[in-house]
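A.B. asks: The following block contains the structure, expressed as structure tokens.
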Amino acid sequence: MVKRRKGFSATQSKITSRRLRTATLGTHVPRRSRGRMNADSVGFSSARKQKRAARGYVETILPNTSSGESASQFSRRVSRREFSHGIQRRARMRRLVAVVACVVLVAVVAAGVGTFAFFGSLDSKIGLKNSDASSALVAPKEAADAFYTLVAADLDPVGAANAQAGPDALALVRVDRAARSAVIVSVPATLQVQLKDGKPHQLRDAAVQEGDASLIKAVSNFAGVNVSHLVKIDAGGVASLVDGLGGVQVNVAEEVDDPAAGDVYLSPGEQTLDGKAALMFLRASNFSGGLQVQAANQRELLAALSLRLLDEGSLSFLSTLDKVGGSFGTDMGAKDALGLADALRGMDASTVKGALVPGYETTRDNVSYYVASTDAWSSMMELVKQGQDPVVEKKIASVDPASFTLTVRNGGGITGAAAQISQTLAGMGFKVEETGNTDTAAYAETLVIYKDGAFEPAAQTVVSALGLGRTVADAGFYTFDTDVLLVLGKDWKPSS
């Protein structure tokens, strides 16, 4: 028998036991009427709490667990489970991030490999084949420095009976990245140079007999500059390049109608040329101005092609290069070409200047040579090195026709030409002391040759009087005893 606490009556004990039974929530609690809640039979310390209990408000309900764990144990178990779930979520997130990173890495590597393969393919298309050019090329000291590129074009049709080996057109191009400008110097393929054998040769022979490196060195020595890049192209390449670009627009200064160059006729003025017409434009030489006009046409087309290639964004440039890359060969890689194109983008025709090497044509031992005028060439290259317009109009004052002596020779094979022109000049007051014929009738252009600089004004006076011809400084190829020699070419027409 359990003893009651002292001072705790039987009535109080019963009341307390009843309160505990009615306050316990569980399945063992006897059912009561649905209309009443057990709060009616529970004693509370205040009427307010009694009313709240009657309305069904319960502030604290301890968990009823089957395991019999305490509240603190339950709380720890739930916390451990939530912690475990957090760890699992973070692990899944790390795995997801790792997978995404791998996918991105694979994509980057694939893109890099694809880009590398693309540029490698372009390099293969535009690279020089079987060339020793690299041994003669000299890179500029600084990336931003102006540099020189040699362009060599073989314009003869494949298998042509009268085709000459080696390039037919050459151009030394000064490219200035900072100024976004270019100067094109036309170098005749027949320019007289000395090769390793010490004998005079046409410039084109350097490439034929000794290779690209010899050609580059010959031009470099002649111009007094380092050549950094070489571009080679042939007739088929010109046509493919022009057609691949959708044609190029040029200004035809003088009508082109040369049966020896092709069957295309070009009228003067602005027009767009396709590949076939472009070749005609480059080859034609039967102009009144001779080599001067032909060289100007070649510079015009070269500038138009270059500007057309630059007139595109980087992606379009690479796409075009991929499409026409097999049309030409160069030592420059695709990435370097793209970098140069980006640096020069924005150039226009006004920033491209050019001129022909000053000199004259002559024939010796049945071989045609172009001889540069030393002083004039030196002056021109000084302007080229500064990026200036190389064309300088030099005005030479006329002199008294009777102040110098003159020899007249027929170099065009026109019967009676020397006698007829001598009479005309004598009537103008010139002192003609000798007439005759040249050894060969191979002169297409009339030349007025002077022995030294003192007689250059005299030679210019002859040209002005005839309205025909070009003054040339004697380089020891002509024999005459007078102050000036007049060689009539096929461009002279006898008066009726």
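A.B. asks: Roll a 1.4 angstrom probe over the protein heavy atoms and tell me the percent of accessible area of segment 319-373 that is carbon or sulfur. It would help to have the intermediate numbers written out before the result.
C.D. replies: Details: 1070 of 2270 Å².
Looking at segment 319-373 in its full context, I get 47 percent from C and S.
A.B. asks: Further question on the same structure: So if each residue of separation counts as 0.36 nm, and I subtract the Cα-Cα distance between ALA419 and LYS385, what length gain in nm does that give?
C.D. replies: Numbers: separation 34, 0.36 × 34 = 12.24 nm, distance 4.62 nm.
That pair, ALA419 and LYS385, stretches by 7.6 nm at full extension.
A.B. asks: Related question: Long-range amide H contacts for MET332: which residues qualify at under 5 Å (H placed 1.01 Å from N, peptide plane, sequence gap of 5 or more or a different chain)?
C.D. replies: LEU230
A.B. asks: Ok, one more. Quick check: residue separation of SER368 and ALA260 times 0.36 nm, minus the Cα distance between them. What number comes out in nm?
C.D. replies: On the way: separation 108, 0.36 × 108 = 38.88 nm, distance 1.78 nm.
Gain in length upon complete extension: 37.1 nm.
A.B. asks: With r defined as the distance between the Cβ atoms of ASP481 and THR272 and R0 fixed at 45 Å, what FRET efficiency is calculated, to the nearest 0.05? The partial results should precede the final answer.
C.D. replies: Values: r = 54 Å, r/R0 = 1.20.
Efficiency for this residue pair is about 0.25.
A.B. asks: Based on the Cα gyration tensor of segment 434-493, what are the three equivalent ellipsoid semi-axes, each the root of five times an eigenvalue, rounded to whole Å and given largest first?
C.D. replies: Working: eigenvalues 58, 43, 18 Å².
So the three semi-axes of segment 434-493 are 17, 15, 10 Å.
A.B. asks: Continuing with this model, one more query. Could you check the simple spin-label distance between SER378 and ASN130, using points 7 Å along Cα→Cβ, in nm with one decimal?
C.D. replies: 4.2
A.B. asks: What's the Cα-based Rg to Rh of segment 337-379, Rh via Kirkwood?
C.D. replies: Details: Rg = 17.7 Å, Rh = 13.8 Å.
Rg/Rh for segment 337-379 comes to 1.28.
A.B. asks: Okay, moving on. With 27 Å as the limit, write out which pairs from LYS129/LYS323; LYS353/LYS451; LYS217/LYS451; LYS196/LYS353; LYS431/LYS490; LYS129/LYS199 have Cα-Cα distances beyond it, or answer none.
C.D. replies: LYS353/LYS451; LYS217/LYS451; LYS196/LYS353; LYS129/LYS199
A.B. asks: Could you derive backbone 3J(HN,Hα) for segment 428-440 from the dihedral phi with the Karplus parameters 6.51, -1.76 and 1.60 (θ = phi - 60°), listing whole Hz in sequence and x where the residue is Gly or Pro?
C.D. replies: Going residue by residue, I get 8, x, 7, 9, 8, 9, 8, 9, x, 10, 7, 5, 10 Hz, with x marking Gly and Pro.
A.B. asks: Just to confirm a number: summing +1 for Lys and Arg and -1 for Asp and Glu over residues other than ARG364 whose beta-carbon lies under 15 angstrom from that of ARG364, what do you get? Let's see the in-between values first.
C.D. replies: On the way: positive: LYS199; negative: ASP205, GLU361, ASP365, ASP439, ASP474.
Residues near ARG364 contribute -4 overall.
A.B. asks: Taking the alpha-carbon centroid of each part, what is the distance from segment 308-347 to segment 419-462 in angstrom?
C.D. replies: Between the Cα centres of segment 308-347 and segment 419-462 lies a distance of 50 Å.
A.B. asks: Between MET428 and ASP322, what is the label-point separation in nm under the 7 Å Cα-to-beta-carbon projection?
C.D. replies: 6.3
A.B. asks: Right, something else. Net charge near ARG470: determine it from the other residues with C-beta under 11 Å of the C-beta of ARG470, scoring Lys and Arg +1 and Asp and Glu -1. Kindly include the intermediate steps, with their values, before the conclusion.
C.D. replies: Values: positive: none; negative: GLU361, GLU445, ASP491.
Result for the local shell: -3.
A.B. asks: Here's a follow-up. Between ALA144 and LEU96, what FRET efficiency comes out of the Förster formula 1/(1 + (r/R0)^6) with R0 = 45 Å and r the beta carbon distance, rounded to 0.05?
C.D. replies: My answer for the efficiency is 0.40.
A.B. asks: Where Lys and Arg each count +1 and Asp and Glu each count -1, what net charge lies around PRO167 among other residues with Cβ under 14 Å from its Cβ? Walk me through the intermediate numbers first.
C.D. replies: Working: positive: ARG204, LYS232, ARG283; negative: ASP154, ASP156, ASP168, ASP205, GLU210, ASP212, ASP234.
Once positives and negatives cancel, what remains is -4.
A.B. asks: With every protein chain left in place, what is the accessible area per residue of segment 147-287 in square angstrom, probe 1.4 Å? Please report the intermediate quantities before stating the final value.
C.D. replies: On the way: 5820 Å² over 141 residues.
For segment 147-287, the solvent-accessible area averages 41 Å² per residue.
A.B. asks: Okay, moving on. Which ³J(HN,Hα) values, rounded to whole Hz and listed in residue order, are derived for segment 206-219 from phi using the Karplus coefficients 6.51, -1.76 and 1.60 in 6.51 cos²θ - 1.76 cosθ + 1.60 with θ = phi - 60°, glycine and proline given as x?
C.D. replies: Whole-Hz 3J(HN,Hα) from phi for segment 206-219: 4, 6, 6, 8, 10, x, 4, 4, 5, 4, 4, 5, 5, 5.
The values are calculated or read from the model by the stated rules, or taken from the named source; none is laboratory data. Predicted, not measured: the structure shown is a model, and the values here were computed from it. Don't worry about glycine lacking a Cβ; one is built from the backbone with ideal geometry, like all the others, and counts go over all protein chains shown. For the accessible areas, the whole protein counts, side chains as well, though only heavy atoms, and no ligand, DNA or RNA atoms are used. Shrake-Rupley method; radii C 1.70, N 1.55, O 1.52, S 1.80 Å.
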